[in-house]
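> Once you've had a glance at the structure underneath, I'll fire off some questions.
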Amino acid sequence: METRASAGATGIDSSFFFGSRGVFRGVDWFLFVSALTVSLLGLVTMHSFSGENAYFDKQVVWITISSVVFLLASIPEYRFLRRTTIVVALFTGIIVLLALIYFIGTVVMGAQNRFYLGLFAVQPADLAKLVLIIVLAKYFARRHIEIAHIRHILVSGTYTFVIFALVFFQPDLGSAIIIACIWLGMVLVAGISWKHLLALLIAAVVVFGALWNYGLHTYQKQRILTFIHPLADIRGSGYNAYQSTVAVGSGELLGKGIGYGTQSKLLYLPEYQTDFIFAAYAEEWGFIGVLILFGLYGIIIMRTLFIAAHGADNFSALLGAGVAIMFLSQFLVHIGMNIGLLPITGTTTPFMSYGGSHLFTEYLALGILMGISRSARPTLQARDETEMVGVV
């Protein structure tokens with residue numbers, strides 16, 4: 001028999017929220033708390049330097065809003081996402097938003113990639129990543145038997161390229177790279193053949209050559225050249241990469257302590273609240289703190305993959321895998337950028353960096369996963385319901 005707890009004078013039964021039929025049944029609280037902890041670590045890092053900026057207060061608001069979004073998004077079961085009309089509407093809507101950027105978007109640091117709506121700004125490129133995952137999950141789920149056919153690789157690649165191009169020419173190289181990683185990862189999960197993968201790699205080399213000659217801006221080319229030899233121009237194009245590696249290395253084993261990160265506090269490290277928040281964190285928390293952070297990301301990605309593996313159907317499994325790929329690619333690109341292994345592309349760290357658009361999208365993605373997990377395979381449902389009996 002399920003244990004029920006009274007809510008006192010309100011008369012609200014806790015089983016309404018957490019019982020086997022509650023609105024939050026199937027929610028992976030371990031996953032949510034891990035993501036929230038990463039957000040709080042980012043918040044602590046920003047608070048260390050709150051005297052020079054207003055990022056901390058705004059980030060508190062965004063984390064609160066995003067947490068509420070997670071809870072609300074975890075309530076539906078999202079069977080409607082399998083409908084073709086819904087997927088087409090989402091894809092069309094995000095294309096329209098990305099196109100409008102070029103007409104009414106605001107230019108910030110040379111990139112026209114956001115709308116300013118009064119007190120806050122919205123970057124459609126963040127939401128475009130989640131929409132692309134839904135579109136590809138729908139497409140591959142309906143064609144999983146014949147996925148090895150090159151036609152489906154080309155069609156899915158066309159959908160992705162439309163979003164990729166609109167984001168790339170804003171220009172937002174970091175988000176464009178993540179979009180490409182999402183497509184490549186989901187194609188591999190869906191079951192691409194090795195010969196097609198080789199063809200894709202050759203095509204990628206050709207596309208990169210074309211972009212280098214006709215698409216990349218001078219500063220973007222310089223960032224890539226800096227990646228090859230980051231210390232060649234530490235007073236110019238290699239400055240950010242150099243300062244970032246100095247910050248990470250100076251943290252040593254235990255870090256300098258919260259609020260004592262000189263690279264960030266003295267503004268040697270630019271955009272520490274977004275592009276280089278990992279470097280700022282590593283400087284203060286050291287190697288031990290980095291291990292804790294990596295462990296939290298490991299939990300987030302592994303739990304997301306677990307939900308994907310127990311999806312009730314191919315659509316659920318592919319959507320969960322796509323979300324995991326999005327988190328993993330953003331994490332790897334950002335960390336690689338901060339320690340000098342990848343060129344500076346201007347990406348955020350999932351759940352940690354300052355900004356509302358990416359936090360909203362990431363918590364929304366987790367909420368959708370929670371809703372989908374309600375119709376998961378029996379082994380997952382049985383385990384979750386057994387655990388909840390001892391809680392409510």
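> Considering each of GLU385, GLU362 in turn, give the residue that is crowded, with 24+ Cβ neighbours inside 10 Å and either in a helix (DSSP H, G or I) or modelled with pLDDT of 90 or more (or both).
Just one listed residue meets the conditions, GLU362.
> So PHE327 passes all but one of these: (1) closer than 18 Å to TYR354 by Cα; (2) touching a residue at least 40 places away in the same chain (Cβ under 8 Å); (3) outside any loop (DSSP other than H, G, I, E, B); (4) not hydroxyl-bearing (Ser, Thr, Tyr). Which condition number does it fail?
(2) is the only condition that PHE327 fails.
> Looking at the range 88-125 only, could you name the residues that are at pLDDT 90 or above and β-branched (Val, Ile, Thr)?
VAL88, THR92, ILE94, ILE95, VAL96, ILE101
> Testing ILE301 on (1) in contact (Cβ under 8 Å) with a residue 60 or more places away in the chain; (2) outside any loop (DSSP other than H, G, I, E, B); (3) closer than 29 Å to GLN220 by Cβ; (4) not polar (S, T, N, Q), one condition comes back false. Which one is that?
The failed condition is (1).
> Related question: Cβ-Cβ under 9 Å, sequence separation 6+ or interchain: first residue in the range 69-85 and outside any loop (DSSP other than H, G, I, E, B), partner basic (Lys, Arg). Which pairs?
Listed pairs, sorted by first residue: LEU81/LYS138; ARG82/LYS138; THR84/LYS138; THR84/ARG142.
> Check every one of the helices (runs of 4 or more DSSP H) wholly within the range 187-268 and list those with 3 or more residues that are within 18 Å of ILE335 (Cα to Cα), modelled with pLDDT of 80 or more and not aromatic (Phe, Trp, Tyr).
Of the helices (runs of 4 or more DSSP H) lying wholly inside the range 187-268, those with at least 3 residues that are within 18 Å of ILE335 (Cα to Cα), modelled with pLDDT of 80 or more and not aromatic (Phe, Trp, Tyr) span 239-250.
> Which numbered condition in (1) in a strand (DSSP E or B); (2) buried (at least 22 other Cβ atoms within 10 Å of the Cβ) is the only one that PHE115 fails?
Exception for PHE115: condition (2).
> Using beta carbons and a limit of 6 Å, which pairs, at least six apart or on different chains, have the first residue in the range 273-292 and surrounded by 19 or more Cβ atoms within 10 Å (Cβ to Cβ) and of a type in the set (D, E, K, R) and the second one modelled with pLDDT under 90 and assigned to a helix (DSSP H, G or I)?
Listed by first residue and then by second, the contacts come to GLU283/ALA247; GLU283/SER250; GLU283/GLN263.
> Output yes when any residue across the range 331-348 is in contact with an Asp or Glu (Cβ under 8 Å, 6 or more places away or on another chain), small (Gly, Ala, Ser), at pLDDT below 95 and within 28 Å of TYR219 (Cα to Cα), and no when none is.
yes
> Could you please let me know if GLY320 is within 15 Å of LEU130 (Cβ to Cβ), among the small types (Gly, Ala, Ser) and either modelled with pLDDT of 90 or more or in contact with a strand residue (DSSP E or B) (Cβ under 6 Å, 6 or more places away or on another chain) (or both)?
In short, yes.
> Follow-up question, since we're still on this one. Of everything in the range 135-147, what is touching a helix residue (DSSP H, G or I) at 6+ places or on another chain (Cβ under 6 Å) and at pLDDT 80 or above? Give them in sequence order.
Answer for the range 135-147, where residues must be touching a helix residue (DSSP H, G or I) at 6+ places or on another chain (Cβ under 6 Å) and at pLDDT 80 or above: VAL135, LEU136, ALA137, LYS138, TYR139, PHE140, ALA141.
> Just a yes or no: is a residue in the range 127-142 among the small types (Gly, Ala, Ser), surrounded by fewer than 21 Cβ atoms within 10 Å (Cβ to Cβ) and under 21 Å from GLY215 (Cβ atoms)?
No, the range 127-142 contains no residue that is among the small types (Gly, Ala, Ser), surrounded by fewer than 21 Cβ atoms within 10 Å (Cβ to Cβ) and under 21 Å from GLY215 (Cβ atoms).
The values are calculated or read from the model by the stated rules, or taken from the named source; none is laboratory data. The structure presented is a predicted model; accordingly, all values stated were derived computationally and were not measured. Cβ: placed from backbone, ideal geometry, glycine included. Neighbour counts: every protein chain shown.
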